[in-house]
Structures are given as structure tokens and as C-alpha cells.
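See structure below.
A short reminder: the numbers here are calculations on the coordinates, not readings from a lab. Just so we're clear, the structure is a prediction, and the values are computed from it rather than from any experiment. Please note: Cβ atoms are built from the backbone with ideal geometry, for glycine as well, and neighbour counts cover all protein chains shown.
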Amino acid sequence: MKTAAFDYHLPPELIAQTPVEPRDASRLMVVERDGGRILHHRFRDLPKFLRTGDLLVHNESRVIPARLFARKETSGKAEVLLLRRRTDDTWETLVRGKRVRTGTRLLLLDGPDGEPVAQARVVEEGERGLRVLHFDRAVLPLAERVGVMPLPPYIHVPLTDAERYQTVYAHTPGSAAAPTAGLHFTPRLFRELRERGVNSVFVTLHVGLDTFRPVSEENVEEHRMHTEYCTLPPAVAEEVNRTWQAGGRVVAVGTTSVRVLESAATDFHVVRPFDGATDLFIYPGYRFRVVDALITNFHLPRSTLLMLVSAFAGKELIDRAYAEAVRKRYRFYSFGDAMLLV
């Protein structure tokens, strides 16, 4: 399967630069997999399309201020993007800078042209800027002190409120990017869903490297996902299994929740508790075992996220839905509109 098949043209003005207020005022495209009908609504209308007994599965990972400014001990500026925790003081990162090799020492700064506040040493090198850094202190408190929210490179407007790049239920710090399908939910919407008998549970997947990079291999099957940490607690596994037994649907909120659920699957409609790394890559041909419906945003061309939704709904239907979204002037990507695949 060719990666180029997942390319499409998007007018630049459709890339959302700022979030909609209130959160649930974003548009919602409803795509029916059985029959291919496409409907146009607002996200606040979501309860109309869910049923009593359905279960929403959200990713409660919290974005950390993962962008750190640095300079080499000798000379030359650098930037560090925290990707994945190995230990409190050792992280997988992306480093921008010249000749940052194994053994290079970096001085972490309190701003773009600031003063040193910590040190790190490169202990491993990977491809395309991937570096493992060992810091001289715990990283998360350092990031909270001097780090910057890592907005995606296609967003050029400064974010006035950093909490708008967090879901209202964000809890466990660790992501380098937001699980954006969840950005549309509000406390009011949660209350309405509960009143209709639609419950919510929470899993964790800390979003890392593959969010930032399109698939570069010519053939989809040659791509290898970087591992990301995720957890599905025992109580959530029980609730998911109970939902199917009672005739409800499991509705994943975002592609990250899909990957957690499918990584935890042991059989068709059966999950187990899961706590560990996943490198699950879902593309057309994958047989879903857990997810019955999916809420998601509109994704970048050639991305693993677009491949996942194409696997779930069928590539032909997703191609048609995306063409319709462009024609109807939907807003795309992280701060854009949403899609419900049922």
C-alpha cells in the first residue's frame, strides 16, 4: 500500500490557528459507515448520536511544557522537545541543533536567551534528531519551571491560554501534544451525556514522536511506530467488557484511545488491564476488536492518524468525507473541527 494514497490537498486557510469558543461550538461531521451518509452538526449535538449504555473512552494524558531552550556547553543554540520518559531524569527527546552527538553536554536555559538552570548529556543517538538525554535533575519539575507549551508547527498564532491546548479532564502529565479529539468536550456536555445514560472512562497514552512526523516510507507497511507509554486500568477493562455484554457501544475519543483499547484487546470484544509501551500501527486491513465508534479530528496528509481512521471507516469513505470537509470549509488539525464515525 502506497503512502502517497493518503495524500490530499488542503487549502492553507483551513488549518485552524485558534480554538473555537466555547469548546463544543466546533462543527461535527457525522459519518455513517453503514451506508456512507454524511451529516453536518455542531459538537454540542453529540448526545443525539449516542445511545443509553454507550461508553466513551477518553485519553486523560496532560501535555507538559515540553519545549526547552538550550545551548551546547561549547557554543551554539539548541532546542529540546521532550517525547517519552524513561526515568525521572532520562528522556527520549528531539533535539534541534548542529552536531549534537553522544556525549554532548547541553545547558538548559530559563528562556530563549536566558541563563543556565540545569544540564543534560546525550547518552544515545537516533534517527532524524532523536536523542536520549540524561538530565542532572528530575525533568518534569524543570519543564514546569522553564518549558514552553509545544504547539504543532502548523499553528502560527500564539496561544493566549495554555489550558486551551489541554482537555478539561487532562490529568497525568507526559504528552508532547494534546489528544485533540477531547478538546471539544465541556463540563456541560459531560452532564448531558450522563443524563442520557452515556458514561465515560479514562485511559492514558502519552503522545510522542509519531504525532510530529508524516510517514516517510514509500510503502505504508515499511513504517515503524515509535513506542508510546499507555495504561488501561483494571476498572476500565471491567467497564469496557461490561458495556458489550449489556449491548452498548465502545466509543473511542481520539486515535490515541483507539490504540490503547486495541493494544489491550485479548479477543473480539474482550480487553485486559494494560500498562506498558505500545507500538501498534493501525492501517487499512487491520481488524478492529474493541472500538465500535470513533470521535476524531481531521488529520494531516500521510499521517498514521489518517491511516487509522481510513482503516476504521474504509479509505473510500474517508476520502469522500475529507473532500466534503474541504468543500464545506471545515477547520482542520489540532484546533479544528471533529468527526464522529459510527
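Taking 37 °C and 0.692 mPa s as conditions, the range 6-83 diffuses translationally at an estimated 185 µm²/s according to Stokes-Einstein applied to its Kirkwood radius (Cα pairs). Divide the volume of the convex hull around the Cα atoms of the range 1-143 by the residue count and you get 231 Å³ per residue. Of the residues Val271, Leu68, Leu140, the one whose Cα sits farthest towards the positive end of the charge dipole of the chain is Leu68 (charges of +1 on Lys and Arg Cβ, -1 on Asp and Glu Cβ, taken about the Cα centre). Each eigenvalue of the Cα gyration tensor of the range 67-146, multiplied by 5 and square-rooted, gives one semi-axis; in descending order these are 16, 15, 10 Å. With θ taken as phi - 60° and the Karplus curve 6.51 cos²θ - 1.76 cosθ + 1.60 applied, the whole-hertz 3J(HN,Hα) list for the range 20-26 is 7, 10, x, 4, 7, 7, 4 Hz, x standing for glycine and proline. Working note: 222 nm ellipticity from helices only, DSSP H runs with n ≥ 4, each -39,500 (n - 2.57), summed and divided by the residues of the chain, gives -5500 deg cm²/dmol to the nearest 500.
The angle between the Cα long axis of helix 234-245 and the longest principal axis of the Cα atoms of the chain comes to about 20 degrees, rounded to the nearest 10. Relative to the dominant Cα principal axis of the chain, helix 304-313 is inclined by about 10°. Sparse packing (at most 14 other Cβ atoms within 10 Å of the Cβ) combined with a DSSP loop state is found for the following GluC sites (Glu not before Pro) in the range 1-86: Glu73. Placing +1 on each Lys and Arg Cβ and -1 on each Asp and Glu Cβ, with no other charges, gives the range 167-223 a dipole about its Cα centre of roughly 640 debye.
Within the listed set Thr255, Thr52, Thr204, the residue fluctuating most in the Gaussian network model of the chain (springs between alpha-carbon atoms under 10 angstrom) is Thr52. Taken about its Cα centre, the range 303-342 carries a charge dipole of roughly 160 debye when the Cβ of each Lys and Arg holds +1 and the Cβ of each Asp and Glu holds -1.
Shape analysis of the range 236-342 yields a ratio of the Cα radius of gyration to the Kirkwood radius, Rg/Rh, of 0.99. Sequentially through the range 267-272, phi angles give Karplus couplings (6.51, -1.76, 1.60; θ = phi - 60°) of 6, 5, 6, 9, 10, 10 Hz, Gly and Pro residues having no value and appearing as x.
Starting from the Cα gyration tensor of the range 158-309, take the square roots of the eigenvalues, sort them a ≥ b ≥ c, and report rounded, prolate or oblate (rounded when a/c is under 1.5, otherwise prolate if a/b is larger than b/c, else oblate). Verdict is oblate for the range 158-309. Taking trypsin sites (Lys or Arg not before Pro) in DSSP loop conformation with at most 16 other Cβ atoms inside 10 Å as exposed sites, the chain has its longest uninterrupted site-free stretch at 225-286. If you run the Gaussian network model on the chain, springs between alpha carbon atoms under 10 Å, then out of Thr18, Thr231, Thr296 the most flexible one is Thr18. Shape verdict for the range 104-154, please, from the Cα gyration tensor: rounded (a/c under 1.5), prolate (a/b greater than b/c) or oblate. Taking the square roots of the gyration eigenvalues as a ≥ b ≥ c, the range 104-154 is oblate.
Could you give the alpha-carbon Rg of the chain over 2.2 N^0.38 Å, rounded to two decimals? Taking the Cα Rg and dividing by 2.2 N^0.38 Å, one obtains 1.00.
Restricting the range 187-294 to chymotrypsin sites (Phe, Trp or Tyr not before Pro) that sit in a DSSP loop and have at most 13 other Cβ atoms within 10 Å of their own Cβ leaves Phe268. Extension gain for Glu221 to Ala162 (0.36 nm times residue separation, less C-alpha to C-alpha distance): 17.6 nm.
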